[in-house]
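Below is one structure, written out as structure tokens, with a few remarks after it.
The values are calculated or read from the model by the stated rules, or taken from the named source; none is laboratory data. These figures come from a predicted structure and were not determined experimentally. With ideal geometry, Cβ positions are generated from the backbone for all residues, glycine too; neighbour counts draw on all protein chains shown.
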Amino acid sequence: MCGITGFLGEWPATLSARKATLIAMTEALRHRGPDDSGLWIDAEAGIALGHRRLSIIELGPGGHQPMATADGRFIITYNGEIYNYAELATRLREAGAVLRGGSDTEVLIESIARWGMQKTLQQCEGMFAFALWDRERRELTLARDRLGVKPLYWGQANDLLIFGSELKALRAHPGWKPEIDRSAVVAFLRFGYVPAPQSIFRNVHKLEPGTMLVAKLKGQTRLERYWDLRAIACSPNRVLPANTGPDMLVELERVLSKAVRNEMVSDVPIGAFLSGGVDSSLVTALMQRQASRPVKTFTIGFGSRAYDEAQHAKRVAAHIGTDHTEFYVEEETARDVIPYLPLWYDEPFADSSQIPTQIVSRLARKHVTVALSGDGGDETFAGYTRYQWARIIERVLRTVPRAIRYRISASLESVPASVIGAVANVIPASRRPAILEQRTRKLAALLREESGDAAYRRLVSIWPEPEEMVLGVSQAIPLWDKMGECELPSLIERMMLLDTRVYLPDDILTKVDRASMSVGLEARVPLLNHRVVELAWQMPLGMKLRGSVTKWALREILYRYVPRPLIDRPKQGFGVPLAAWLRGPLRDWASDLLSAETIARAGWLKPEAVVRRWREHLDNRRDWSGSLWAVLMFQSWLAEANYPAGAGAYRDRLPSARL
């Protein structure tokens, strides 16, 4: 796992200036690769490649990057892991290749040299983002893995093309002057993240998952897609007959076990994040079954029972037999993370579970350098509560007259937060839904929509009409959700597809990547092995969502390793008691950032709606913590957006106790 960066263009003009620029860009990513660094420059061709290395496989100089092929034609700077690299290495040797070392980087670049880019990527299983320079064709190729586990930004300024694992690397190039994109601000307020291919800045893009960018000098570029989940999901022949269910469970366990086994390959200590939920418990169980010693597992807990999964994780760990470490987070620990979020994420990002993800990554890094996680199971195997709601909402919208729905919605909207809280308290803890008030308000909003697709759009919107809040935006900006690209007849499957293509890479995987890499920890996600994802889309929906049971296939496999009572409970999520914190220990900080004066002075948002929601939240009339957190993260990011872009500026602003 590493950080990559570079540029293609004729500026800076001198070799010494090019080298200084590349050093600054590369050093900005030191946290992603604390073990080694490398530079490669061809001034005549206008190409410069930089690399920061976190050593996982082939710890010695045989894994140093940028790396060239044996014949010198191709140069690569690469971030990620090719999990089946040993299999590819065998094929290369059988084809006559002589490999100099044992790194997956060498296997990747020599495979490209022998078989070409498309064929190599089709054979690779892994997570990656890389830049490959072809010295013969004078052509730069940027590529990103199929599901978007690893990030890659690229941008253009006149004839200059710059790229990097994080935006802070691009900021270090003097040829690029960041300019905030107002349409990206609108998108952020709607989703809580900026969806690809946008970034928060004009003329800088996120390379989309499963995509390559091919570039030549003078700014010539073209985008190519080498893997398309939409085409897989929408194929008319993709779903196998339902009576193959038992066989598919056997095949799913085989594919999952292989994915976990491949992702356990490491020359450094390895462990797992364990929440006690279905996904992380299954990954951990499959790890422990194939391990020669107890797997190291990590979880964090909170004093609030509604947000504490540590007790569940501890019981699962004891049953599986892992070497378990738990850490209960004090409010002060969580609060101390918040000032550094803009520095870690580079652009506004408002998933509040970024806080515990950062803390558990820091905890794990004290013991291991690689950690497996259960991310991806919800999107691939229908784990979110909104999938359970979808059929009901669609039926209600179709059969209940609008006037009646509006009256019910108004009634739900009028229920005070205190009453909803009182109702929640009388529900047994084992059956109590998390964040009941937020779900009640969402239900009220959904009842006003006219279709299932519109209801989904409402569900994923933090601020439903964000263009009305951004200064300088004179007209509505279409909701960017790719709903129009979906040809699936099932609303639930359309939701799953969109979540996998948008929410998963731009929220969930971004959160995990920045949190883990900020402390030099590699996070791997075996449930997002593309073989697993492709098999999941061959399964009938009933093998994923069966009645009210989510992730049915994963549960059936997990029950072979962990008793049902340890697993079967309401979905909890990985969050923090944000609503209470904003009314309590974070109140002064939030009040300053959310004041009409502060918002007006920043010059990007209209303060009226924000101030109104903040007042209602403080009065405990409504839980507006989600939408307010988005504004807080934007305001915090604005305050840090102009930090100096030198090599050490980022590191010097981080807390001294990084782990």
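Of the residues ARG658, ARG612, the single one that is part of a loop (DSSP other than H, G, I, E, B) and either modelled with pLDDT under 95 or farther than 20 Å from LEU167 by Cα (or both) is ARG658.
The single condition from (1) farther than 24 Å from ARG569 by Cα; (2) β-branched (Val, Ile, Thr); (3) at pLDDT 95 or above that VAL265 fails is (3). With under 14 Å from GLY520 (Cα atoms) and surrounded by fewer than 17 Cβ atoms within 10 Å (Cβ to Cβ) as the only criterion, which of ASP35, ASP42 stands out? The conditions single out ASP35.
Evaluated against (1) polar (S, T, N, Q); (2) part of a helix (DSSP H, G or I); (3) more than 27 Å from ASP104 (Cα to Cα); (4) touching a helix residue (DSSP H, G or I) at 6+ places or on another chain (Cβ under 7 Å), SER183 falls short on exactly one condition, (4).
The residues of the stretch 278-306 that are under 14 Å from ARG569 (Cβ atoms) and either at pLDDT below 95 or basic (Lys, Arg) (or both), listed by number, are ARG305, ALA306. Residues in the stretch 195-209 that are under 27 Å from ASN529 (Cβ atoms), touching a residue at least 40 places away in the same chain (Cβ under 8 Å) and touching an Asp or Glu at 6+ places or on another chain (Cβ under 6 Å): PRO195, ALA196. Of the residues examined, ARG555 is one that is touching a residue at least 12 places away in the same chain (Cβ under 8 Å), assigned to a helix (DSSP H, G or I) and in contact with a helix residue (DSSP H, G or I) (Cβ under 7 Å, 6 or more places away or on another chain).
So that you can scan it fast, the table gives a plain yes or no per residue for (1) outside any strand (DSSP E or B); (2) in the same structural domain as ILE112 (by TED's automatic domain parsing); (3) hydroxyl-bearing (Ser, Thr, Tyr); (4) crowded, with 22+ Cβ neighbours inside 10 Å:
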| position | (1), (2), (3), (4) |
| --- | --- |
| PRO174 | yes, yes, no, no |
| THR221 | no, yes, yes, no |
| VAL250 | yes, no, no, no |
| ARG261 | yes, no, no, no |
| SER266 | yes, no, yes, no |
| SER275 | yes, no, yes, yes |
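Total residues in the stretch 167-207 satisfying the condition of being closer than 20 Å to LEU8 by Cβ and out of contact with any strand residue (DSSP E or B) (no Cβ under 7 Å at 6 or more places or on another chain): the figure is 6.
Table: residues versus (1) surrounded by 21 or more Cβ atoms within 10 Å (Cβ to Cβ); (2) under 17 Å from LEU213 (Cα atoms); (3) without any contact (Cβ under 8 Å) to a residue 24 or more places away in the chain; (4) assigned by TED's automatic domain parsing to the domain that holds PRO12.
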{"site": "THR105", "(1), (2), (3), (4)": "yes, no, no, yes"}
{"site": "PHE130", "(1), (2), (3), (4)": "yes, yes, no, yes"}
{"site": "ARG135", "(1), (2), (3), (4)": "no, yes, no, yes"}
{"site": "ASP145", "(1), (2), (3), (4)": "yes, yes, no, yes"}
{"site": "LYS150", "(1), (2), (3), (4)": "yes, yes, no, yes"}
{"site": "ALA169", "(1), (2), (3), (4)": "yes, no, no, yes"}
{"site": "SER183", "(1), (2), (3), (4)": "no, no, no, yes"}
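Exactly one residue among LEU256, LEU274 is of a type in the set (A, V, I, L, M, F, W, C), at pLDDT 95 or above and over 23 Å from ASN84 (Cβ atoms), and that residue is LEU274. Can you tell me which condition ALA48 does not meet? The list is (1) surrounded by fewer than 22 Cβ atoms within 10 Å (Cβ to Cβ); (2) not in a loop (DSSP other than H, G, I, E, B), and all the others hold. Result: ALA48 passes all but (1). When you look at SER280, is it among the hydroxyl-bearing types (Ser, Thr, Tyr), buried (at least 21 other Cβ atoms within 10 Å of the Cβ) and not in a loop (DSSP other than H, G, I, E, B), yes or no? Against the criterion (among the hydroxyl-bearing types (Ser, Thr, Tyr), buried (at least 21 other Cβ atoms within 10 Å of the Cβ) and not in a loop (DSSP other than H, G, I, E, B)), SER280 qualifies.
Would you confirm, using the coordinates I've provided, whether ALA95 is touching a residue at least 24 places away in the same chain (Cβ under 8 Å) and small (Gly, Ala, Ser)? Please lay out each step first, then the result.
Details: touching a residue at least 24 places away in the same chain (Cβ under 8 Å): no; small (Gly, Ala, Ser): yes.
In short, no.
Being surrounded by fewer than 21 Cβ atoms within 10 Å (Cβ to Cβ), over 30 Å from VAL610 (Cβ atoms) and of a type outside the set (Lys, Arg): is that true of ALA157 here? In short, yes.
Taking helices (runs of 4 or more DSSP H) as the structural unit, those lying wholly within the stretch 82-156 and holding at least 2 residues that are farther than 23 Å from ASN529 by Cα correspond to 85-94, 104-115. Report yes if some residue within the stretch 25-34 is of a type in the set (A, V, I, L, M, F, W, C) and touching a Phe, Trp or Tyr at 6+ places or on another chain (Cβ under 7 Å); otherwise report no. Yes; the residues of the stretch 25-34 include at least one that is of a type in the set (A, V, I, L, M, F, W, C) and touching a Phe, Trp or Tyr at 6+ places or on another chain (Cβ under 7 Å).
Within the stretch 47-92, the set of residues being within 21 Å of MET264 (Cβ to Cβ), aromatic (Phe, Trp, Tyr) and touching a residue at least 60 places away in the same chain (Cβ under 8 Å) comprises TYR78, TYR83. Residue count for the stretch 558-596 satisfying the condition of being in contact with a Pro (Cβ under 8 Å, 6 or more places away or on another chain) and in a helix (DSSP H, G or I): 1.
Looking only at the stretch 157-172, how many residues end up being under 25 Å from TYR345 (Cα atoms), in contact with a Leu (Cβ under 8 Å, 6 or more places away or on another chain), not polar (S, T, N, Q) and not in a strand (DSSP E or B)? Write out each step before concluding.
Within the stretch 157-172, the subset under 25 Å from TYR345 (Cα atoms) is 157, 160-172.
Next, only the ones that are in contact with a Leu (Cβ under 8 Å, 6 or more places away or on another chain) stay: 160-166, 168-169.
Still in the running and not polar (S, T, N, Q): 160-164, 166, 168-169.
In the following step, the residues that additionally are not in a strand (DSSP E or B) were identified as 166, 168-169.
Selection size over the stretch 157-172: 3.
Across the stretch 515-558, which residue is surrounded by the fewest Cβ atoms within 10 Å (Cβ to Cβ) among those that are more than 21 Å from the chain's Cα centre (by Cα) and among the hydroxyl-bearing types (Ser, Thr, Tyr)? Among those that are more than 21 Å from the chain's Cα centre (by Cα) and among the hydroxyl-bearing types (Ser, Thr, Tyr), it is SER548. Note on the stretch 235-248: residues that are surrounded by 13 or more Cβ atoms within 10 Å (Cβ to Cβ), modelled with pLDDT of 80 or more and not hydrophobic (A, V, I, L, M, F, W, C) total 1. Taken together, the residues in the stretch 437-473 that are in contact (Cβ under 8 Å) with a residue 40 or more places away in the chain and either aromatic (Phe, Trp, Tyr) or farther than 18 Å from ASP623 by Cα (or both) amount to 18.
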